[in-house]
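What follows is calculated from the coordinates using simple rules that are stated; it is not laboratory data. These figures come from a predicted structure and were not determined experimentally. Quick reminder, even Gly has a Cβ in these numbers, built from the backbone with ideal geometry, and neighbours come from all protein chains shown.
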Amino acid sequence: MQSMIKAMAGTPPHAHHPWPRRIVDADTWSALAAQLAEGRWTLAGLWGDAGAVHMALLDMSRGESQGELAVASLPCPTGQFPSVARRHPPAHRLERTIADLFGLEPVGAPDDRPWLDHGRWRVGHPLGITTETSGEGAPYAFLTAEGEGLHRIGVGPVHAGIIEPGHFRFTANGETVVRLEERLGYTHKGVESLMAGASLERAARLAGRISGDSTVAYSIAFARAAEAALGIEIPARAHWLRALMAELERIANHVGDIGAACNDAAFALMHAHTAVLRERVLRQSSACFGHRLMMDKVVPGGVAIDLDRAGAEGIRSLMATIRQAFPPLIELFDNTASLQDRTVGAGILSHALAHQYGCGGYVGRASGRAFDTRRDLAYPPYDSLRFDVPLFQEGDVNARLWVRIREVEQSLGLIDQLLEGMPSGDISVAIGHGPETREGIALVEGFRGDILCWLRLDPTGIVERCHLRDPSWFQWPVLEAAIEGNIVADFPLCNKSFNCSYSGHDL
Amino acid sequence: MIDMLLINGFSIQISQMLLVLLFSPLLTGLVRKVKARLLRRQGPPLLQPYRDLIRLARKEAVVAESASWLFRIVPYIVFAATWVAAALIPTFATGLLFSWSADLIVIIALLGSARFFLALAGMDVGTSFGGIGSSREAMIATLAEPALIMIVFTIALVAGSTQLSTVANIMLAGVGLRVSLGMALFALVIVALAENARMPVDNPATHLELTMVHEAMVLEYSGRHLALLELASAIKLLLYCSLIACVFVPWGLAPAGAPLHVHLIGAAVYIGKIGIAGCLLAIFETLIAKMRVFRVPDFLGAALMLGFLGTLLLFVSRSL
């Protein structure tokens, strides 16, 4: 990483914490893209700015728990930048988004179709030089697959069930999927536009609403980026309370997902039981922190609510309940042959793809990519806690569910440690603003994987630019690959095992 | 004096036709309720299927622009064929008027026609889901129908008739414990699950359009059309339960010419049998996951094989 940073021999314009940011020229930018393609770094984010593009690179070459992050920035005065996707496919949709939002053109990009912009915003390039558009929508050229007996099935964006909107275009040969193409962007809310010019308080609330099921993780990511930018140290108790909320969120989501995936294989029994467990977690969260999803409880500077003795006792008894109820459910999951028949061997994601795309969370860890921000780019209090990062190699639906199961067990252990060692003291500090423009970055482990937050605050403490990258950005594309060769009827199950966020991705 | 009154075939036939028509949504409601209770949910009321039918019947039927005349008449064909088929199976009494003109083979043919037209309607609108549903249904049917025919042969060989009233009477008289009949029962249960779009072949409660079979075919239907199709599937479920009850547990069936109170007892016993069948179905569906679509042929292949073996065994045992 040091060599990379030296190669990026530009001076940073503003203070950037905790990891370095360097200005690079087009050649270095292209060289970095080539190194990404070689697999030397992992792409952690690629986003636009006023007249510049930024790329976050993750270096894991020093081994476990020694991860490093750096940001390379390329000014694009001409409105163009060399495409990263040309060499490194994971950058595809990120570049298309940059083109949609900022009007910056990736030169040499293999795919120049719009991504988030469906032509219905009545404004083009909302974050760059805006243009007026008709708002009537533009036709979208889906990729073709031709051959005898192939037929197309379009699903969504409105689905029969109550799920988020997304369009899936299958090309199938009978029941076998030959190609799947996703089209997302239906839940675009303009978060990045809303962020620009927002006060820190408002921006924190916005960040907590990007993907409702990960609201704690998003809030922590935003708060950590803001604190890094402003150079604030928050009290230890705040760190521990944040982790407690994050682990509760992880347990609730994982338990819910395990049941929901079984439900997609029409095994409603698991779903019924896990729904009860999830509900218990949500109710306890509500009792302790005043909100079922703990929304807005993590704020820049600390946390908004303290945990009292009764709350801690409530969580302890909740943990006991889960410890008692969870293992029989896992036994049921593992011993139901008809269910195993569905999950084993379905939707296999290869090792190579998981590494290339830097898939975070259970998607990566089920395909042999052992990366967990809590361990590899450890932030407090995880640097002082004991936990394992479960790893599976099979890459199928079953493995993704097993990663979740093992992570629930790890989270139970973490919560024990958190309650045991919870330091006393304040839960927040006042936040001011710097005398100059400051930038911060944070990488936080949500239940889906690593959430990146990059933030620039102006001297008055107003957000100039904030980018939040959901883990789903690097999981949606590999779902297309994982479903290939599977049967159409298995897609819902595979999709559920990925459970990517629509809202987090569409911003 | 009423005891002495002999109930004739005509009135039995009419009451039986009304019984299956009016009773079938209750069975659907029962299965849903039991499934819900097993999942610790309250579940919809037992009478919900009736309310749904009334609601649908009152609604406007929206028909796709690309639909042909076939699309409109199929619900009526499917409903009529299924209803007639159900009327041919002795539920509480054997002396059915229609029985003498139609046997088990006719029942299979009627159900086969209903399915054929439904599959056509699924493809008629030209949506991808209808096509998927129809092609999956056709795949299931190509295996389920031969299996059903083999089951009929087995039963016919044992009873010496394909005539259900006769079969029921002979079964009542006692044919002893037969391996072939056991195989036929097992095969018939499998076929019944597949034919009624139940688990593990199809999930009647799914919201996942890509996994549907039966639901995908009727996805474009609405209003009274949908009400007829829903009622037809409820009748079909009752039909299969009645068939199994009639052939394998015929006790309680009122013989032809029996007095009224015997018929009333027969009706009570019948309702009890169907209730047990509904509960068993709900329990079974709760305990398993749905199969991969391509596992269905293996599952139905087992039914076909059992049907074959049942027939073969009878021939072998007879010639020895």
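Run the numbers for A:GLN80 and A:GLU201: contour at 0.36 nm per residue of separation, minus the present Cα-Cα distance, in nm. Can you show the working numbers first?
Values: separation 121, 0.36 × 121 = 43.56 nm, distance 3.39 nm.
40.2 nm is the gain from fully extending A:GLN80 to A:GLU201.
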Here FRET efficiency (C-beta to C-beta, B:ILE54 to A:ALA370, R₀ 56 Å, nearest 0.05) is 0.45
B:SER161 label point, 7 Å along Cα→Cβ, cut-off 20 Å on backbone N: hits in the range B:182-212?
none
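May I ask you to derive the relative contact order of chain A, considering only C-alpha pairs under 8 Å and at least 6 residues apart, and to give it as an integer percent? Spell out each step's value before the answer.
Working: 1052 pairs, mean separation 91.7, N = 507.
Relative contact order, chain A: 18 percent.
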In Hz, Karplus ³J(HN,Hα) per residue of the range A:429-440 (6.51, -1.76, 1.60; θ = phi - 60°; x = Gly, Pro):
10, 6, 10, x, 8, x, x, 9, 5, 10, 10, x
Could you pull out which residues in the range A:372-403 have an amide N less than 13 Å from a spot 7 Å beyond the Cα of A:ARG62, following the Cα-Cβ vector?
A:376-378
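How much length is gained if the chain between B:VAL249 and B:ALA80 is pulled fully straight, taking 0.36 nm per residue apart and subtracting their Cα-Cα distance, in nm to one decimal? Mind dumping the intermediate values first?
Numbers: separation 169, 0.36 × 169 = 60.84 nm, distance 2.72 nm.
Stretched out fully, the B:VAL249 to B:ALA80 stretch lengthens by 58.1 nm.
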Expected unfolding gain across A:GLU233-A:ALA50 under the 0.36 nm per residue rule, minus the alpha-carbon gap, is 62.9 nm
If you find the alpha carbon centre of the range A:135-168 and of the range B:197-219, how far apart are they in angstrom?
21
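So what is the orientation-averaged projected area of the range A:236-393, using the convex hull of its C-alpha atoms, in nm²?
On the way: hull surface 41.6 nm².
Answer in nm², one decimal: 10.4.
In this model, which of B:LYS33/B:LYS59; B:LYS33/B:LYS273; B:LYS35/B:LYS290 are farther than 20 Å apart at the alpha-carbon?
Numbers: B:LYS33/B:LYS59 25 Å; B:LYS33/B:LYS273 17 Å; B:LYS35/B:LYS290 15 Å.
Table pairs above 20 Å Cα-Cα are B:LYS33/B:LYS59.
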7 Å from Cα along Cα→Cβ at both A:GLU331 and A:THR131: what's the point-to-point distance in nm?
6.4
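Report for the protein assembly as shown the percent antiparallel among DSSP-assigned beta bridges with both residues inside it, nearest 5. Display every interim value, and only then the final one.
Working: 50 of 60 bridges.
Close to 85 percent.
B:TRP100 to A:GLU394: FRET efficiency via 1/(1 + (r/R0)^6), r the Cβ-Cβ distance, R0 41 Å, to the nearest 0.05? If you can, show how the numbers build up before the last one.
Numbers: r = 61 Å, r/R0 = 1.49.
About 0.10, to the nearest 0.05.
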Quick one: check the C-alpha center-to-center distance for the range A:354-372 versus the range A:302-324, whole angstrom.
31
Measure off 7 Å from each Cα along the Cα-to-Cβ vector at A:ALA138 and A:LEU194, then give the distance between these two points in nanometres to one decimal.
2.5
How many percent of Cα pairs in the range A:191-498 exceed 24 Å?
53
Could you give the distance between the Cα centres of the range A:184-251 and the range A:460-507, to the whole Å?
19
With θ taken as phi - 60° and the coefficients 6.51, -1.76 and 1.60, list the Karplus ³J(HN,Hα) couplings across the range A:69-81 in order, rounded to whole Hz; mark glycine and proline as x.
10, 8, 10, 10, 10, 10, x, 10, x, 8, x, 9, 8
With N set to the number of residues, divide the alpha-carbon radius of gyration of the range B:1-154 by 2.2 N^0.38 Å and report two decimals.
1.27
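I need the calculated FRET efficiency for the pair B:ASN8 and B:ILE271, taking r as the beta carbon distance and R₀ as 35 Å, to the nearest 0.05. Don't jump to the answer; show the numbers that get you there.
Working: r = 23 Å, r/R0 = 0.65.
About 0.95, to the nearest 0.05.
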Give me a comma-separated list of calculated 3J(HN,Hα) values for the range A:93-104, in order, Karplus coefficients 6.51, -1.76, 1.60 applied at θ = phi - 60°, integers in Hz, x for any Gly or Pro.
5, 5, 5, 5, 5, 4, 5, 5, 7, 10, x, 7
Just the Cα atoms of the protein assembly as shown, one point each, no solvent: what log10 I(q)/I(0) does Debye give at q = 0.07, 0.08, 0.10 Å⁻¹?
-0.63, -0.78, -1.05
Max mean-square fluctuation residue, GNM over chain B, Cα-Cα springs under 10 Å, options B:PRO90, B:PRO297, B:PRO44
B:PRO44
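Obtain the radius of gyration and the Kirkwood radius of chain B from its C-alpha atoms and give Rg over Rh. Numbers along the way, then the final one.
Values: Rg = 19.6 Å, Rh = 20.3 Å.
With Rg and the Kirkwood Rh in hand, the quotient comes to 0.97.
At 25 °C and 0.890 mPa s, grab the translational diffusion coefficient of the range A:4-132 from Stokes-Einstein with a Kirkwood Rh over Cα pairs, rounded to a whole number in µm² per second. Write out the running numbers ahead of the final one.
On the way: Rh = 15.1 Å.
The estimated diffusion coefficient comes to 162 µm²/s.
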Show the residues, 5+ positions off or on another chain, whose built amide H is closer than 5 Å to the amide H of A:GLY45.
A:ALA56
